[in-house]
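Read through the structure below, which is laid out as structure tokens, and then see the notes.
The values are calculated or read from the model by the stated rules, or taken from the named source; none is laboratory data. Computed from a predicted model, the values in this text were never measured in an experiment. Here the Cβ positions follow ideal geometry from the backbone for every residue, glycine too, while neighbour counts run over all protein chains shown. Just so you know, the surface numbers come from the protein's heavy atoms only, side chains and all, with ligands and any DNA or RNA stripped out. Shrake-Rupley method; radii C 1.70, N 1.55, O 1.52, S 1.80 Å.
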Amino acid sequence: DILVLLNADIMIKDTKFIQKIIKPIQKGKAQLTCSFMEELEQNTFTGEVLNISMKFKTTVFDKYRNGDSIYTCHTARGFSKKLYKEIIFKDSIGEDAYSYLYTVFNKYRYSYVNSTKAFYRLPSNYKDHERQSIRFLQSKKKFIKEFGEEFVNEIYYLPLGLLTAAAMRFLVRYP
């Protein structure tokens with residue numbers, strides 16, 4: 001009745017991970033869920049910078065819409081049977097964001113399950129980070145073709161005030 005997709009490059013320590021990520025689907029409160037993601041520590045300068053960058057982003061993403069946004073939909077996801085039988089992934093680039101866009105566009109519900117987490121490693125060098133960023137930008141262009149520019153831009157919107165407040169806190173904490 002529920003399909004859980006886990007990317008191969010994550011680590012799960014919570015023995016109740018599956019139960020937690022599927023709970024909103026079982027209760028009929030969502031058709032798509034995603035867990036909290038936490039970066040593993042890095043031992044390179046670039047890796048450390050990217051970890052701090054992700055901590056900043058996570059601060060913003062967790063506050064915006066209580067985490068129920070495209071920015072929290074990644075690597076560990078639960079799909080209701082109704083959704084997984086309908087959704088067709090046309091490309092492997094950005095399939096996590098595509099899951100969210102498809103869900104919201106088709107009036108299904110998404111739930112961010114921050115009570116459980118999966119761990120992952122960010123790129124440790126600039127070249128890998130650049131490749132990842134390029135894939136992200138390419139996927140957004142594809143999404144605009146399928147869902148329309150106005151819808152995609154609305155989904156990717158983040159309030160300037162929220163970004164500014166978080167930036168000020170992080171500049172003090174991580175000069």
Practice task
Scan the range 119-175 for residues that are within 17 Å of TYR64 (Cα to Cα) and polar (S, T, N, Q) and report the count.
Solution key: 2
Practice task
Consider only pairs whose beta carbons are under 9 Å apart and that are at least six residues apart or on different chains; among these, list those whose first residue lies in the range 7-20 and is within 17 Å of LEU122 (Cβ to Cβ) and whose second residue is assigned to a helix (DSSP H, G or I) and charged (D, E, K, R).
Solution key: ASN7/ASP96
Completion exercise
Within the range 94-110, restricting to residues that are out of contact with any Cys (no Cβ under 8 Å at 6 or more places or on another chain) and not in a helix (DSSP H, G or I), the one that is most open to solvent (accessible area, probe 1.4 Å) is LYS107
Handout entry: Those residues of the range 123-175 which are among the small types (Gly, Ala, Ser), touching a residue at least 60 places away in the same chain (Cβ under 8 Å) and not in a helix (DSSP H, G or I), in sequence order
Key = SER124
Problem - Filter result for the condition that a residue is modelled with pLDDT of 95 or more and hydrophobic (A, V, I, L, M, F, W, C), over LEU3, LEU40 - result: LEU3
Practice task
Check the range 85-100 and report whether any residue there is on the phi < 0 side of the Ramachandran plot and in contact with a Pro (Cβ under 7 Å, 6 or more places away or on another chain).
Solution key: no
Practice task
Filter the range 134-173 for residues that are closer than 22 Å to THR44 by Cβ, exposed (fewer than 15 other Cβ atoms within 10 Å of the Cβ) and modelled with pLDDT of 85 or more and give the result.
Solution key: ILE134, ARG173
Exercise for the section: Filter the range 64-100 down to residues that are among the hydrophobic types (A, V, I, L, M, F, W, C) and more than 14 Å from the chain's Cα centre (by Cα) and give me whichever is nearest to GLN132 (Cα to Cα). Expected result: PHE89
Fill in the blank from the handout: If you go through ASP14, ASP62, ASP91, the only one that is among the acidic types (Asp, Glu), in a helix (DSSP H, G or I), open to solvent by less than 80 Å² (accessible area, probe 1.4 Å) and at pLDDT below 95 is ASP62
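So that you can scan it fast, the table gives a plain yes or no per residue for (1) open to solvent by 30 Å² or more (accessible area, probe 1.4 Å); (2) in contact with a helix residue (DSSP H, G or I) (Cβ under 9 Å, 6 or more places away or on another chain); (3) outside any helix (DSSP H, G or I):
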site	(1), (2), (3)
PHE36	yes, yes, yes
ASN43	yes, no, yes
ASN51	no, no, no
MET54	yes, no, no
TYR71	yes, yes, no
